[in-house]
1. Rounded to the nearest 0.05, what FRET efficiency do Q97 and A55 have when you use their Cβ-Cβ distance and R0 = 22 Å?
2. Take every DSSP beta bridge whose two residues both sit in the stretch 50-187, then give the antiparallel share in percent to the nearest 5.
3. Label T113 and S66 with points 7 Å out from Cα along Cα→Cβ: what is the distance between them in nm?
4. Once amide H atoms are placed 1.01 Å from N in the peptide plane, what residues at a sequence separation of 5 or more from V74, or on another chain, have their amide H within under 5 Å of its amide H?
5. Apply 1/(1 + (r/R0)^6) to the Cβ-Cβ distance of T176 and R73, taking R0 = 45 Å, and write down the FRET efficiency to the nearest 0.05.
6. Over all pairs of distinct alpha carbons, what does the Kirkwood formula give as the hydrodynamic radius of the stretch 50-187, in Å?
Amino acid sequence: MRAMTRNGGALSAILAACLLTGACGVPVDETPRDLGRPRPASGSNTPAPDGFGSAIERLYLVRDGSLVRAVRRVAAPPTPQQMLDGLLAGPTTAEQQDGLSSALSTMRIEGMTVIQRRATAAISEPLEQAVRSDEILAYGQIVCTLTSQGAEVGTVSFTRAGRPLGVPRGDGSLSTQPLTIADYASLLGP
């Protein structure tokens with residue numbers, strides 16, 4: 001009987017240790033992951049730490065007068081609004097070190113809607129009345145970024161004060177029609 005009590009005590013101690021370590025606060029992942037990679041914050045469209053993430057966001061930035069695709073790893077597939085927000089935030093430090101910039105510095109976007117795969121961006125009156133030489137690149141950045149994911153946005157239109165806005169295409173011609181990445185093909189760089 002005494003041996004049974006000792007074994008019962010040891011068994012109780014092992015059981016208690018198992019229960020305590022099971023509830024120690026270590027987070028549980030839904031899927032396997034490399035322990036060397038940090039877990040991205042859920043629902044975030046910011047680049048995941050160290051470039052690791054479960055989804056890809058393609059933004060078009062500017063280098064040497066051309067539109068260049070920058071690929072970012074993010075926690076979840078970005079919505080069109082998150083892609084636009086990421087574009088308006090500008091290049092990351094690493095992207096800047098790689099020579100990338102943005103032509104959107106003076107453009108103000110009041111809002112965006114997406115209906116039947118057409119994104120419509122409402123553009124505010126410019127702060128300065130002079131036409132910028134990189135205006136084509138600015139509109140190209142928006143169109144190429146929003147249509148690069150393919151699933152949610154097929155074309156992009158622009159409005160100002162509720163009216164269609166004529167914006168420059170890659171060849172310099174103005175268009176009030178819905179635009180695609182093909183309208184800026186001549187500006188796409190490597």
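Derivation of every value follows stated rules applied to the coordinates shown; laboratory data play no part. Given the structure is predicted, the values throughout are model-derived calculations rather than measurements. Ideal geometry is used to build each Cβ from the backbone, glycine not excepted, and the neighbour counts take in all protein chains shown.
1. Numbers: r = 24 Å, r/R0 = 1.07.
Between Q97 and A55 the formula returns 0.40.
2. On the way: 21 of 26 bridges.
Given both bridge residues lie in the stretch 50-187, the antiparallel proportion sits at roughly 80 percent.
3. 3.8
4. A48, S54, A55, I56, E57
5. Details: r = 36 Å, r/R0 = 0.80.
It comes to 0.80.
6. It is 15.1 Å.
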